[in-house]
Amino acid sequence: MEIFFLAGSRTVQAFTGTYGINYGRIADNILAPDEVVTLLRAAKIKNVRIYDADHSVLDAFSGTGLEIVVGLPNGYLKEMSANESHAMDWVKENVQAFLPRTKICGIAVGNEVLGGGDYELWTVLLGAAKNIYNSIQKLHLTDVVQITTAHSQAVFANSYPPSSCIFKDNVVQFMKPLLDFFSQIGSPFCLNAYPFLAYMSDPENIDINYALFQSTQGISDAKTNLHYDNMLDAQIDAAYAALENAGFKKMEVIVTETGWASRGDDNEAAATADNARTYNYNLRKRLAKKKGTPLRPKNAVKAYIFAIFNENLKPGPTSERNFGLFKPDGSIAYDIGYHGLKSSSADSSHLSLKV
């Protein structure tokens, strides 16, 4: 499999701001894509990720200036890895056909594959990413479309304190060749980071204020002498430490999913509208400062919030269906300074977001 690298070609940035949002659609009651465009433009959110390449969404985003990362779902990875012409067909149908009117600026190849339960997918992720990239290259789109894949925290061994984080032994043999490839093509390390899940897994030992960006003692990392006043920064720096340990000190980490559930089951006490509002409001303020982390102060933190909507058809605990900033009808789920398309009781007290 040949890969040609153009000398001096500029690295494409799929994420041009610091604040983006995930547009999940596992629901039967959410707004049509053109109304979603209206919602996003009103909120001045330009960077969007979807989990497939749905043509109704790509048509609705045409001519809007919104920048979208499409997903190649995990179910396609084996086929794309095994067959370069299928990868080319997929890129032509789902990406090239919509450019340049729809600003597709990235393809996420699979989601949370390494560390996940389907071991067979671990073995085909790199081949799929290479075949998709080769197709992009042959179509002369490498300066338009960036290739990435998002990882969950399951790829890491110990992540506390941040400086001790490394990739799990069973993940390394797949992760290192993937990182080699991504460093060659200038792609970032994409992390799905959820202080909500970390807090829920150990509420006895984690201060909820630390997870919510509230004032707190925070933690100090004795090895680096760095202090952390919020968990998201610590999770990002743990990823930087793992990358450095694996030999990829220069790779940027971007957060491709983070959020907080506004409702949960009886055993999900932290999933409240108040906590979700606090997390997302403070996160928005944090990202607007365009500041880095303690370990990488010059790399402004970039994050895609999960998600636009509560998604009523998602399986699993109640929290899974309640990560939306907006209710299915476009009214706000809770107030962090956005106006919904329809007013709701949560609309009544608008917070001013002074950064």
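The values are calculated or read from the model by the stated rules, or taken from the named source; none is laboratory data. It should be emphasised that the depicted structure is a prediction, and the values quoted were computed from it without experimental measurement. Backbone-built Cβ (ideal geometry, glycine too); neighbour counts: all protein chains shown. Each accessible area value is taken on the protein alone, full model and side chains, heavy atoms only, with ligands, DNA and RNA left out. Shrake-Rupley method; radii C 1.70, N 1.55, O 1.52, S 1.80 Å.
The table for this structure:
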| quantity | calculated |
| --- | --- |
| Order of exposure, largest accessible area first, which applies to 298, 314 with probe 1.4 Å | 298, 314 |
| Distance histogram in 10 Å bins (all Cα pairs of the range 72-186, percent per bin) | 14, 44, 29, 11, 2 |
| The chain: most fluctuating residue of 25, 321, 101 per GNM, C-alpha cutoff 10 Å | 101 |
| The range 47-103: chymotrypsin sites (Phe, Trp or Tyr not before Pro) in DSSP loop, at most 13 other beta carbons within 10 Å | none |
| The chain, dipole about Cα centre (Lys/Arg Cβ +1, Asp/Glu Cβ -1), debye to the nearest 20 | 1420 debye |
| Estimated distance in nm for a label pair at residue 341 and residue 209, the labels positioned 7 Å out from Cα along Cα-to-Cβ | 4.0 nm |
| Value of Rg/Rh across the range 92-133 [Cα atoms, Kirkwood radius] | 1.09 |
| Cα-Cα P(r), the range 138-233, percent of pairs per 10 Å interval | 13, 35, 30, 17, 5, 0 |
| Hydrodynamic radius (Kirkwood) for the range 204-305, which is based on Cα pairs only, to one decimal in Å | 14.6 Å |
| At q = 0.08, 0.15 Å⁻¹, base-10 log of I(q)/I(0) for the chain (Debye sum, equal scatterers on each alpha carbon) | -0.37, -1.41 |
| Fraction of accessible area attributable to carbon and sulfur, the chain (%, probe 1.4 Å) | 49 percent |
| Spatially proximal lysines relative to residue 223 (Cα-Cα < 22 Å; intrachain offsets below 8 disregarded) | 168, 249, 250, 298 |
| Cross-link table 291/314; 285/327; 44/314; 176/291; 46/327, entries beyond 24 Å C-alpha to C-alpha | 291/314; 44/314; 176/291 |
